[in-house]
Amino acid sequence: MTTTATVSAPLLVLNLLAGAVWVGSLVALALVTGTARRVLDPPAQVAFFRALGRRYALVGVSALVLAIATGGALVSGEHWTASLTVLVALTAGLVVATFFGMRQARRVNRLRARQGEWSRPARTAGMLRAAIAALTLAIVIDVALYLS
């Protein structure tokens, strides 16, 4: 990257912090989800996941939006490369997977609340969370390769 440090430093700090919050929220979500399923009874799980989903939507998605916006600003003056093309494609995939992951999580929670069959939708939600994690890791690797 060939931008000047004085111009890009604030954006870079915001980008790194937003990325850290995004990745940290994914790790925390994985840990909390498994623990809540083992410890809480089904009605308590519904209330817990509903509250968690609202907080996650605010914090996690805000961090993702900020990371994308600051990342875009950081590379806006750069020469377009194959690495940037991959980064944009991965980021688009991450946004789509996050949207569907959140939608699926809401669906699972509604099924739990109605005491319906939710094991298959829960597996789908788990696969979407895994896709979100894999896309996030791929973005981190692509950015590291781009910056090196």
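No lab work stands behind these numbers, since they all come straight from the coordinates. None of these values were measured; they are calculated from a predicted model. Counting neighbours? That spans all protein chains shown, and the Cβs are built from the backbone with ideal geometry, glycine included.
Just a few scattered comments:
- Dipole of segment 1-137 [Lys/Arg +1, Asp/Glu -1 at C-beta], most positive-end residue of V88, L31, V21: L31
- Which labelled figure in (i) 10, 34, 33, 17, 6, 1; (ii) 13, 47, 35, 6, 0; (iii) 10, 39, 27, 15, 7, 1 is P(r) over Cα pairs in 10 Å bins from 0, in percent, once derived from the coordinates: (iii)
- When the helices of the chain are scored as -39500 (n - 2.57) per DSSP H run of n ≥ 4 and the total is divided over every residue, the value at 222 nm lands at -32000 deg cm²/dmol.
- Kirkwood Rh, Cα atoms: Rg over Rh of segment 44-103: 1.14
- Cβ-derived FRET efficiency at R0 41 Å, V65 paired with T35, nearest 0.05: 0.90
- Given R0 = 30 Å, the distance between the Cβ atoms of E78 and F99 translates into a calculated FRET efficiency of 0.65.
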